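Derivation of every value follows stated rules applied to the coordinates shown; laboratory data play no part. Just so it is clear, the structure is predicted and the values come from calculations on it, not from any experiment. Note: ideal-geometry Cβ built from the backbone for every residue, glycine included; neighbour counts use all protein chains shown.
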Amino acid sequence: MFFSLCKIYFIFLQKKAYNLTTFSAVLIHPDITGGRCAGTIYIDQFNVCFNAEEIKYVIPLQFLHISAGGSGNRLIFFSDKNQNAISIYTSDNSILKSEALVNNSLFNEYIKSTKKTLNKSLVGTLIFLAIIVLFFGGLYFFKDKMVSSLANQVPIEWEKKAGDKLFTTMSLQYKFIQNDSLKKVFLKISDPLFKQVEKDGYKIDLYFVKDPTINAFALPGGKVIIQTGLIENAKSWEEVMGVLGHELAHVTKRHHIRSMINSIGLFAILSAFMGDISSLAGTFANLGGNLASLSNSRSFENEADEEGWMMLQNAKINPKGMISFFETLKADHTTKMDTLINKTIDLSFLSTHPNTQQRIDNLKIKMKNDQNKYIVLPVNYNEFKDAFSNL
Ligand SMILES: [Zn+2]
């Protein structure tokens, strides 16, 4: 029955004579199951010819109508002026360059108006894409600002809970050194730094851990861990305080929380930013365990250098120690500064970090322009170090 609707031509002979290009196409026809069928078309000097496995359909050129249509006007429709319900469409614009159409003045207007509609739709699509790119570019651009703003809304109590949870895990594998008199000496020197952090609402708890790795780190909420390797490899109080200033800056600048918020993805950040900070509470509930896998980004390291430097200046402790200790560490490939508990992740602020020299250079520029006067620290460092080593 269906075949009675179709005219079958000697298409292969014609194709050969006219060197015809075929295009993927779809035939819309009310007699086909589902109303449409995929196949190919080509245009010869007499007809637009659609071919599928069992269906062939032709539209004589004298009845041909051409237009752009479909979603976003991106498709080219061929139809018979006498058959409203039947049409063939393709998404391939180059069909409009088919010899039979270009050489026939009947179709000049059709081609012109179809191309115009297609171009309009292309411009519309490009504008749409540009808006999308601008939107996401803008989001990305403001991501840091959103993350900082969210971090500032996180109660310090949340941070402290997360830090304490992590500390409990770490305590299992660390050998803590308990020596009140040496701790007292250390606190005497570091007090002006700690006071600045406490002004921001953090209470600092200081711990010494027996471990030869040159390492020190601060946990969210204000727990600070100093390993014996740091004390033994530093040459002055200024060097130790330089490292401490950097570590404390990670706390006050809320880098742990910002890393965590960064890791939840742009849309979660956006929804928390637009909504309520409490939407992050669930993430924080598990934070203790996950925190160790978060890394301090390069920009956080730079920020911690800057902020730590400023804290040292405020404390009247010469910040040049930060530079000299960084230089010592640069040569030490076992350094694991800033690694939290997971030592397989290298978050080192030195040694393997490609921009270490850049950071040292930045600090040297700050030093060169520094007009501040600094105090002579009241305790002999080597005596402290020896007492520490003999524990
Ligand atoms: Zn750091």
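Summing Lys, Arg as +1 and Asp, Glu as -1, what charge do residues with Cβ under 14 Å from the Cβ of Arg74 carry, Arg74 excluded? The answer is +2.
The simple Förster model, with R0 at 41 Å and r as the Cβ-Cβ distance, assigns Asn372 and Asn179 a FRET efficiency of 0.80.
Here the spin labels are modelled as points 7 Å beyond Cα on the Cα-Cβ line, and at Ser24 and Leu206 they lie 7.1 nm apart.
Which order, highest average first, do 228-234, 372-378 follow once you tally other Cβ atoms within 10 Å for each residue and take the mean per peptide? It would help to have the intermediate numbers written out before the result.
Values: 228-234: 20.6, 372-378: 10.9.
Going by the mean number of other Cβ atoms within 10 Å, highest first, we get 228-234, 372-378.
At an R0 of 35 angstrom, the distance between the Cβ atoms of Asp386 and Met310 translates into a FRET efficiency of 0.65. Proximity of backbone amide H atoms, modeled 1.01 Å from N, is registered between Arg36 and His29 at under 5 Å, excluding neighbours fewer than 5 places apart on the same chain.
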